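What follows is a set of notes on a single structure, which appears directly below.
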Amino acid sequence: MAGRWDAPELPDFDILKRFARDQLIYLLEQQHDVEKLYKLENKMVQGVSDQLCFLVRPRIASVKHVAEIVNADKAGGRLRKYKIIFTPQKFFMCETVLEEEGIFGDVTFDEWAFYLLPLDDDIISMELPEFFRDYFLEGDHRWNCTVAKALHVLYSLFGPFIKTYGIGRCAKMTYELWKEMVEDSENEIKPHQAEIGRVFFLDRDVDYVTPMCSQVVYEGLVDDVFRIKCGSVDFGSEVTSSNRSVKVLLNSQDKVFKEIRNEHFSNVFGFLSQKARRLQTQYDKRQGMDIKQMKDFVSQELKSLKQEHRLLSLHIGACESIMKKKTKQDFQELLKSEHALLEGFEIRESTSCVEEHINRQISPLESLRLMCLLSLTENGLISKDYRSLKTQYLQSYGYDHILTFANLKQIGLLTEQQPGETLTAVESTMGKLVTDKAVGKLTDAFSSLARKSHFRALSKRLNLIPRTEEEYDLKVPRNMAYVFSGAYIPLSCKIIEQVLERDSWAGMEEVSRLLNNNEFITIERSLDAGYSCNAQRIILVVFLGGCTFSEIAALRFLGKEKGYKFVFVTTAITNSFRMLESLLES
Amino acid sequence: EVLQNRVVDAKVFPTAYGSGVVILTGAFRFTLATNIDDLKLRRFPEVPGLLRPPTCWTVLMQDRQPKIVLANGKDLYILDNASCTSVIPPGLGPQVCGFTQIAVSFNYKKLALYTDTGNIWMGSSSFKDKLCIVETNFKTAPKQFVWCDRSKSNNPTVVGIWDKVLFITGESKETIKSYQDEDIHLVPEVDGVRIISSSNHEFLHEVPPACQDIFKIASMAPGALLLEAHKEYEKESQKADEYLREIKEQNLLFEAVQQCIEAAGNEYEPEMQKSLLRAASFGKCFISNFPPDTFVKMARDLRVLNAMRDYTVGIPLTYPQYKQLTIEILIDRLILRRLYPLAIRICKYMKISELQGASRILAHWACYKVQQKEEPDDSIARAINHKLGDTPGISYSEIAAKAYECGRIELAIKLLEYEPKSGEQVPLLLKMKRSQLALLKAIESGDSDLVYTVVTYLKNEMNRGDFFMTLQNQPVALSLYRQFCKHQEPETLKDLFNQDDNHQELGNFYVRSSYSNETTIEGRVAALQSAVDEYNKAKNEFAAKITEEQIKLLRYQFRLQKESGKTYLDLSLHDTVQALLLESKHKQAEQLYKDFKIPDKRFWWLKITALAEKEDWEELEKFSKSKKSPIGYMPFVEICVKHRNKYEAKKYVAKVSPEQKVKGYIMVG
């Protein structure tokens, strides 16, 4: 996938890291003379120092843990000084907890304003995985201000923005909070050349379907299988084929990874073996070299070859390990039923497939994921299935998951169809009977009646399921659907594409109505000569509640096609497992 | 200590931090505070032999350290933080046996002493150098004795008053005596001395060089010539040209213009200022590219100064004083004198940014306005809003806070309504006990930290019922508080759900507590039973039924545990059955299968997996024949192959459904 020749250059986000690092060093050294850092775990601190400094997120649990340590010291008659550095900010609630634990006076505070961690050239994470549960499940808005502040940091460094788009309640709120900050600081920010022209806000609950799908682009798969943490992954012994695990940074600095991260998994192995062969020929050049050439070779090429070799063998190892896990019959069948769910065919078969999955205790999270996907695509399970699947699940994994189901219901991932809402069922049976375009028209007529039927209607409106006569060639992707083997274009990405193309929500009224009408578009600044054309084509996509690597890959593809560059700002990188885990209750 | 011993004398002096004060206490000790706004007292060391007030003393600043110079009879001391040093001014004759007055120059560099012999000693304030001694021939001590700063010439000059005689003396032999009609008081300034009498206010200062040059009799300085040239020009006389030529021949036109501008700054009569400036402007015409800013700036400054010197305002400043003071402080002084319109006009005239100028003044005006008790709230609020509008940088909440301080709560609330930032309104609303409104505004602001602040406040202020009611109406606040309760006060959470009749959540609450709090089997069952009741109330039959089954399972597991001594509690139904099967307790497993209506498929899966695990192939075969398999026979093949027993696997291949048969055969080979 070669990019367009005129693709704009991305701004350098390393500055964010430098700022944060400098502030932390200042806080730790200048102010508190910190000598050694420990990881805060659920055990007592052994240090002999008479000063303790905690660097924590402003969570009640962390603060309580600190309180335990302080109280244990008190009981043991130890006198120490305590300092808590909250990052990115302190919440009043934390102070209340300390007060109730009776140590408010013993502790002093600081804040480390570290909002944004650039994971890669184009990915900036706020590393707030709890945002998803706090906002979408608990209705707790505490992080909205944090996100707005983070955005303001970007604005003051790379703005001013020309246009903002968004959809979702949280998007709207965050946008408004940020706007207020802009007004307040109008005089402080020096005008400079804008590097980022447009911003797109998107709530995670606009599209739950995409993150619930199995990922099949390489980076997504690695995340699903090995769990990428803060842009790096621990490859275990099964990958390294030795008995120690290796920590690998996954970003565009890794030349091998850079080329395969966005590829469909089926292409990756071929690519890697090709690469291996090329590497071999480069090594082979050594033969027939005279001494001088050899000297040059050793001093210049060998090191990078060695490095590439190491990475290559790691990725090949990872691929093998993924293949072992994923190319088994199960995975293929799983993908097949997922695609059937997305297309709305063979619902019954898929349901019993899920049931078997649960009965055989294959994987608790995987089963939940499939149930959610079923519910999302069908706009809720029919009552009978809802009950029986839940019963099965509880029998398999324990009764305490009744609370998990309560959470899933509240957040809307796994719901029961209300009577009178069986429309999708009608649709799906019709889908079985009539398999031509007439269905589309029929369902269109129905969907205006439906109160809540969303995914199916959205899918029809936005053409999320590419109808193809011939096989989808994953080597030469035609559209963003390639990230799901050509079966489905991620809803979130499609919305972004459409709105950017139209440069408005006009013509998308039906879509936004289905998504509860929280869309907005604002022109921040009229386009005058001062704004370079480049900035216009750099688009900040803000995912509130997390985004997946598949979505990132899809938008990268879109960017290459249209000559945009997307910069991803997300509260955290997520996938189906992380999302579901955050909703577990145990 | 200061309180105990009474204050005998005190002197105020400027420091780097603000205004400092030195106090002489009744015990003849000195105490210092460097900033009267942030009072921190520091005591100076004791002065030896000081049993009565010193004859005279003053404060000095040296190297940013305050020091005290004091005279006790004929002994002179310098007091600083740590020590008290005795000093002797060089060059004084032995006949001196006492110092009656001390005067320090404005910059603390120089010092003058008046001795009881009528001499004035002038020297550096470090007492290292003597500048001169002047014989006054007065027998008595002067009523007042001050240093007159001459910034330009650096000649030491002191001014003293003896009754009605003003006595000016310096290094030169000459002294000036002038007789006054009234009693006068002297105030030393940065560039001279103010002489204030009951009817007059005079200022004694050195004539600045520019004015000297221009107005000296028969002066031929370029400025003087230029002024003359302009006068002739006004008279339309050709002499103007002659004068001008004379300056130009010496190539001094540039200096001439500058002199005129500078002199204008030091003149007090607007007429004279004008003619000097006009002359400068006239001269400017003959110089190409004379930088205009000095001229423009002087004209502006003079306008401001003249406005200040107007008798209704009464701030007669000299140009150097004005420069020293800066325009910002001048505006502050105007604000303190409530000369708001003048201050605003000056800000606009001097092009001071809105934020620092006009907005600030308007805010002060508004704060003053709210203190006018006789006017009704409504009209004040309206008047303020009318004047202030949406001026940037205005904080209505600050004005409202002022109103609240004056006890006008209603007015404060009215003013707060004009505050565009909801967040800013909250602290004051809380202070005024308008907590409900505060909660509303906090939520509006979108800052959940603020919301939580208000919630905590409400919690302490209201009774529980009202508090809960308030929360119920505010979902944002409620969910925040719930988060807090979940970790800190689970019981409160229960009360919250109770109040709301939220039986579903109550059920969930009991389930959670059954898992996390209860340790005994009875406790857990009891909690789950409460959950069943709540689920029933919530009409969630499914949950109620499932929970009842869980109770049943718990009891069963508990019984098993007692019988076998193995742990079964907290296993899921599936895992319990599996454990039983692995222990070959087929009867109990069957019992559970029936009691809990485990679907056939699941049971078959369970059974064959367990049997294969134990490699109990015989039992597996028996089981396969017990009745028709609901899961088909492919799983039998798979499970055998998994346990590497192809021999057993072969037994089942034949039974596999036709479409999977090929796959089955491939597996067994």
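Too long at a 21 Å Cα-Cα cut-off: which of B:Lys562/B:Lys585; A:Lys325/A:Lys409; A:Lys384/B:Lys545; B:Lys11/B:Lys109; B:Lys607/B:Lys627?
A:Lys325/A:Lys409
If we count every other residue with Cβ under 11 angstrom of A:Val107's Cβ, Lys/Arg +1 and Asp/Glu -1, where does the sum land?
Spelling it out: positives minus negatives among the neighbours equals -2.
On a full-extension model of 0.36 nm per residue, what is the gain between B:Ile287 and B:Gln591, subtracting their alpha-carbon distance, rounded to one decimal in nm?
That pair, B:Ile287 and B:Gln591, stretches by 97.9 nm at full extension.
Can you quote the Å³ per residue value for the convex hull of the Cα atoms in the stretch B:204-293, rounded to an integer?
96 Å³
Report, in deg cm²/dmol and to the nearest 500, the calculated mean residue ellipticity at 222 nm for chain B, where each DSSP H run with n ≥ 4 adds -39500 (n - 2.57) and the sum is divided by the residue count.
-16000 deg cm²/dmol
For B:Asp310 and B:Ser178, what does the FRET efficiency come to when R0 = 45 Å and r is the distance between their Cβ atoms, rounded to the nearest 0.05?
0.95
When Lys and Arg each count +1 and Asp and Glu each count -1, what net charge do the other residues less than 11 Å away from A:Ala148, Cβ to Cβ, add up to?
Residues near A:Ala148 contribute -1 overall.
Restricting to DSSP loop positions (anything but H, G, I, E, B) with no more than 13 other Cβ atoms inside 10 Å of their own Cβ, which GluC sites (Glu not before Pro) remain in the stretch B:208-273?
Of the GluC sites (Glu not before Pro), the ones in loops of the stretch B:208-273 whose Cβ has at most 13 other Cβ atoms within 10 Å are B:Glu236.
Over the Cα atoms of the protein assembly as shown, how large are the radius of gyration and the largest Cα-Cα distance (Dmax), in Å?
For the protein assembly as shown, the Cα radius of gyration and maximum Cα-Cα distance read 43.6, 141 Å.
Please report the net charge: other residues with Cβ closer than 14 Å to the Cβ of A:Ile228, K and R +1, D and E -1.
-2
Carbon and sulfur together cover what percent of the accessible area of the stretch A:199-295 at a 1.4 Å probe radius?
Accessible surface attributable to carbon and sulfur in the stretch A:199-295 totals 50 percent.
Under 5 Å between amide H atoms, partner at least 5 residues away or on a different chain: which partners does A:Gly166 have, H built in plane at 1.01 Å?
A:Phe201, A:Phe520
Determine ³J(HN,Hα), in whole Hz, for all residues of the stretch B:634-645 in sequence, where each value follows from phi through the Karplus function 6.51 cos²θ - 1.76 cosθ + 1.60 and θ = phi - 60°; x replaces Gly and Pro.
4, x, 4, 4, 4, 5, 5, 4, 4, 8, 6, 10
State the dimensionless ratio Rg/Rh of the stretch B:1-100 (Rg: radius of gyration of Cα atoms; Rh: Kirkwood radius).
Result: Rg/Rh = 0.98.
Check each residue of the stretch A:322-370 and keep those whose accessible area, probe 1.4 Å, is at least 50 Å² smaller with all protein chains in place than in the chain alone; give them in order of residue number.
By number: A:Asn359, A:Arg360, A:Gln361.
Taking 0.36 nm per intervening residue step and subtracting the Cα-Cα distance, what contour gain separates A:Asp184 from A:Lys303 on full extension?
So the extension gain works out to 37.6 nm.
Compute the FRET efficiency between B:Thr519 and A:Asp330 as 1/(1 + (r/R0)^6), taking r as their Cβ-Cβ distance and R0 = 41 Å, and round to the nearest 0.05.
The computed FRET efficiency comes out at 0.55.
What are the ³J(HN,Hα) values, in whole Hz, obtained from phi via the Karplus relation 6.51 cos²θ - 1.76 cosθ + 1.60 with θ = phi - 60°, for each residue of the stretch B:103-118 in sequence order, with x given for Gly and Pro?
10, 10, 6, 4, 9, 6, 7, 10, 8, 10, 10, 10, 9, 5, 8, x
So the label point goes 7 Å from the Cα of B:Lys348 along Cα→C-beta, right? Which residues of the stretch B:287-331 then have their backbone N under 18 Å from it?
B:300-301, B:303-305, B:307-308, B:331
Stick to Cα atoms and the Kirkwood definition of Rh, then tell me Rg/Rh for chain B.
1.33
At 0.36 nm per residue, minus the direct Cα-Cα distance, what do A:Tyr26 and A:Ala72 gain on full extension? Give it in nm, one decimal, please.
Residue separation times 0.36 nm, minus the Cα-Cα distance, leaves 13.6 nm.
Measuring from label point to label point, each 7 Å out along Cα→Cβ, what is the A:Phe345 to B:Lys11 span in nm?
If labels sit at A:Phe345 and B:Lys11, their model points lie 10.1 nm apart.
Taking the stretch B:57-103 on its own, what percent of its Cα-Cα pair distances exceed 14 Å?
Of all Cα-Cα pairs in the stretch B:57-103, 52 percent lie more than 14 Å apart.
For the stretch A:107-233, what is the convex hull volume of the alpha-carbon atoms per residue, in Å³?
Measuring per residue, one finds 162 Å³ for the Cα hull of the stretch A:107-233.
Using modelled backbone amide H atoms (1.01 Å from N, in-plane), which distant-in-sequence or interchain residues come within less than 5 Å of A:Ile84's amide H?
For A:Ile84, the qualifying residues are A:Phe54, A:Thr108, A:Phe109, A:Asp110.
Can you divide the C-alpha Rg of the stretch B:247-292 by 2.2 N^0.38 Å and report the result to two decimal places?
1.13
If the viscosity is 1.306 mPa s and the temperature 10 °C, what translational diffusion coefficient in µm²/s does Stokes-Einstein give for chain A when Rh comes from Kirkwood over Cα pairs?
60 µm²/s
Only sites in a loop by DSSP and with at most 12 other Cβ atoms within 10 Å count here; which trypsin sites (Lys or Arg not before Pro) in the stretch B:170-263 make the cut?
For trypsin sites (Lys or Arg not before Pro) across the stretch B:170-263 that sit outside H, G, I, E and B with at most 12 neighbouring Cβ atoms in 10 Å, the list reads B:Lys173, B:Lys216, B:Lys235.
Could you compute how much accessible area chains A and B hide from each other, both sides summed, with a 1.4 Å probe? Nearest 100 Å² is fine.
Answer for the A-B pair: about 3800 Å² buried.
Given a 1.4 angstrom probe, what's the average accessible area per residue across the protein assembly as shown, in square angstrom?
Accessible surface, normalised per residue, equals 48 Å².
Name the residues of the stretch B:488-510, by number, that are at least 30 Å² less accessible with every protein chain in place than in the isolated chain; the surface is that of heavy atoms, probe 1.4 Å, without ligands or nucleic acids.
Residues passing the criterion (a loss of at least 30 Å², heavy atoms only) are B:Gln488, B:Asn508.
Scan around B:Leu204 for amide H atoms under 5 Å from its own, H built in the peptide plane at 1.01 Å from N, and keep only partners 5 or more places away or cross-chain.
For B:Leu204, whose amide H was placed from the backbone, the distant partners under 5 Å are B:Val193, B:Arg194, B:Ile195.
From the phi of every residue in the stretch B:537-552, what ³J(HN,Hα) in whole Hz does the Karplus formula 6.51 cos²θ - 1.76 cosθ + 1.60 yield, where θ is phi - 60° and glycine or proline is x?
These are the phi-based 3J(HN,Hα) values: 5, 7, 6, 9, 5, 4, 4, 4, 5, 4, 5, 4, 4, 5, 4, 4 Hz.
Using a 1.4 angstrom probe on heavy atoms only, work out the carbon and sulfur share of the accessible area of chain B in %.
51 percent
How about the stretch B:94-156: which trypsin sites (Lys or Arg not before Pro) there lie in a loop by DSSP and see at most 11 other Cβ atoms within 10 Å?
B:Lys128, B:Lys139
With heavy atoms of protein chains only and a 1.4 Å probe, what residues of the stretch A:124-145 have at least 30 Å² less accessible area in the full set of chains than alone?
Output list: A:Glu138, A:Asp140, A:His141, A:Arg142, A:Cys145.
For A:Ser237 paired with B:Ile168, estimate the spin-label separation in nm (one decimal), with each label point 7 Å from Cα along the Cα-to-Cβ line.
10.1 nm
Taking every DSSP beta bridge that has both residues in the protein assembly as shown, what percent is antiparallel when rounded to the nearest 5?
70 percent
The values are calculated or read from the model by the stated rules, or taken from the named source; none is laboratory data. Everything numeric in this text was worked out from a predicted model, so none of it was measured. Every residue, glycine as well, gets a Cβ built from its backbone with ideal geometry; the counts of neighbours run over all protein chains shown. For the accessible areas, the whole protein counts, side chains as well, though only heavy atoms, and no ligand, DNA or RNA atoms are used. Shrake-Rupley method; radii C 1.70, N 1.55, O 1.52, S 1.80 Å.
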